[in-house]
Amino acid sequence: MSKYLVSFGDSDKYEVDFPGKLDEFKSSDVVKGLKDKVTNFLKDKFPAGNFEDIVPLHIEEADGKDYPKLDMSKIGDLLKNAVTQIGVEKFTDKLNLNAPFDKLGL
């Protein structure tokens, strides 16, 4: 059984056990289901948003450190973190839009 780390954007990393190689894991139903769950949740929260650039899925082989196992209780944490990341990105974009007017002294 191999161990892989899964994260979305800057979220915490979660460990997932999978009986196969990294490429098999990346194309597995486990990953597809997780990605679909996160994508559907974020589409409900941000219907017009392109959030996949902000919270991309990262998968890597485990590095021997101790990470929490990904289970249903951790998915809630992962979703909250994704919403926070998108909120920060949207706020930063808004600040950047106003930045050119900062020098006008208005």
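The values are calculated or read from the model by the stated rules, or taken from the named source; none is laboratory data. Computed from a predicted structure; not experimentally measured. So basically every Cβ, Gly included, is an ideal-geometry build from the backbone, and we count neighbours across all protein chains shown. The protein model used for the area step is the full one, side chains on, heavy atoms only, and it has no ligands, DNA or RNA in it. Shrake-Rupley method; radii C 1.70, N 1.55, O 1.52, S 1.80 Å.
What are the pairs with Cβ atoms under 6 angstrom where one residue, in the range 65-83, is closer than 13 Å to L34 by Cβ and the other, located anywhere, is polar (S, T, N, Q) and surrounded by 11 or more Cβ atoms within 10 Å (Cβ to Cβ)? Sequence gap at least six, or different chains.
So the pair list comes out as L78/S11.
Only one residue in D66, D77 is at pLDDT below 85 and within 26 Å of K3 (Cα to Cα). Which one?
Among D66, D77, only D77 is at pLDDT below 85 and within 26 Å of K3 (Cα to Cα).
Counting only residues that are small (G, A, S), surrounded by fewer than 14 Cβ atoms within 10 Å (Cβ to Cβ) and at pLDDT 80 or above, how many does the range 21-53 have?
Residues meeting the conditions: 2.
Which residue, of K65, K3, is of a type in the set (D, E, K, R) and either part of a strand (DSSP E or B) or under 14 Å from the mean Cα position of the chain (by Cα) (or both)? Give the steps one after another, and end with the answer.
Values: K65 fails: either part of a strand (DSSP E or B) or under 14 Å from the mean Cα position of the chain (by Cα) (or both).
So the residue among K65, K3 that is of a type in the set (D, E, K, R) and either part of a strand (DSSP E or B) or under 14 Å from the mean Cα position of the chain (by Cα) (or both) is K3.
Would you please name the residue that is farthest from S2 (Cα to Cα), looking only at residues in the range 20-36 that are hydrophobic (A, V, I, L, M, F, W, C) and out of contact with any helix residue (DSSP H, G or I) (no Cβ under 8 Å at 6 or more places or on another chain)?
Going residue by residue through the range 20-36, those that are hydrophobic (A, V, I, L, M, F, W, C) are 22, 25, 30-31, 34.
Checking the rest, the ones that are also out of contact with any helix residue (DSSP H, G or I) (no Cβ under 8 Å at 6 or more places or on another chain) come to 22, 30.
On the way: L22: 8, V30: 14 Å.
Residue satisfying both the conditions and the ranking: V30.
Filter the range 1-29 down to the residues that are without any contact (Cβ under 8 Å) to a residue 60 or more places away in the chain and of a type in the set (A, V, I, L, M) and list them by number.
M1, V16, L22
Kindly check whether there is at least one residue in the range 22-30 that is among the acidic types (D, E) and under 15 Å from the mean Cα position of the chain (by Cα).
Going residue by residue through the range 22-30, those that are among the acidic types (D, E) are 23-24, 29.
With the extra rule that they be under 15 Å from the mean Cα position of the chain (by Cα), the set shrinks to none.
Within the range 22-30 (the criterion being among the acidic types (D, E) and under 15 Å from the mean Cα position of the chain (by Cα)), the answer is no, since none of the residues qualifies.
Identify all residues within the range 6-20 that are of a type outside the set (D, E, K, R), more than 23 Å from E89 (Cβ to Cβ) and open to solvent by less than 30 Å² (accessible area, probe 1.4 Å); write none if there are none.
Residues satisfying the conditions are V16, G20.
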